[in-house]
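No value in this document is a laboratory result; all are computed from the given coordinates. Not measured: the values here are computed from a predicted model. Positions of Cβ are backbone-derived with ideal geometry, glycine not excepted, and every protein chain shown enters the neighbour counts.
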Amino acid sequence: RYVDDIIIIYNNSLDIGDVILNRFNTIHNNIKFTIEREENNLINFLDITIQKVKFHKNYKLNFNIYRKPTISKLSINYNSSHPVDHKLANFRFLLNRLNNIPLSKNNYKNEFYNIINIAQYNNFPISDIYKLNNKVKAKNKKNKNHHKTFNNNDILNKNYVAIEYCRNRYKSKRQQSQ
């Protein structure tokens, strides 16, 4: 397996990104890491935008959905001859992402509107999208006891686990953030 996207968020007044990068690049000769820094307190990582916002004397993280500029609203048209499960697969993905990324109420509402807009563009009955969203929410609620929900306090105040590569074995270190 390949790991090609890693994000490290640290709480330090000094920019120690190069120190971290240099340390990672000593792990293995065949593995080369690069660095991308936030710009204007924003960074896009996979399909989310992470924004660092000053909150009292600390920072908090706000999340939003990131779409590349080349994204299209095109999906399998509702009126096509494809099986219903195939038609709904894209919306199931979009709604799962919507309900699993910790978005603000406003960002959630805007993203849901985007999904509705994509559905309308592809001739889907809007009621089907609402029903599917309710199913996704119910499934998430049912599974909530089995999965840990991420929130800002996890980053700012809680323990985290760093998994360090050590030649041919992995070692886990439990650390306390400061």
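In this simple spin-label approximation, PHE93 and LYS135 carry label points 7 Å from Cα along the Cα→Cβ vector, and these lie 1.7 nm apart.
With the simple spin-label model, which puts each label point 7 Å out from Cα in the Cβ direction, the ASP18 to SER81 separation comes to 6.2 nm. At the listed q of 0.16, 0.30 Å⁻¹, the Debye profile of segment 16-64, built from one uniform point per Cα, gives log10 I(q)/I(0) equal to -0.62, -1.04. For segment 50-115, the number of Lys pairs with C-alpha atoms closer than 22 Å, counting only pairs eight or more positions apart or on separate chains, is 10.
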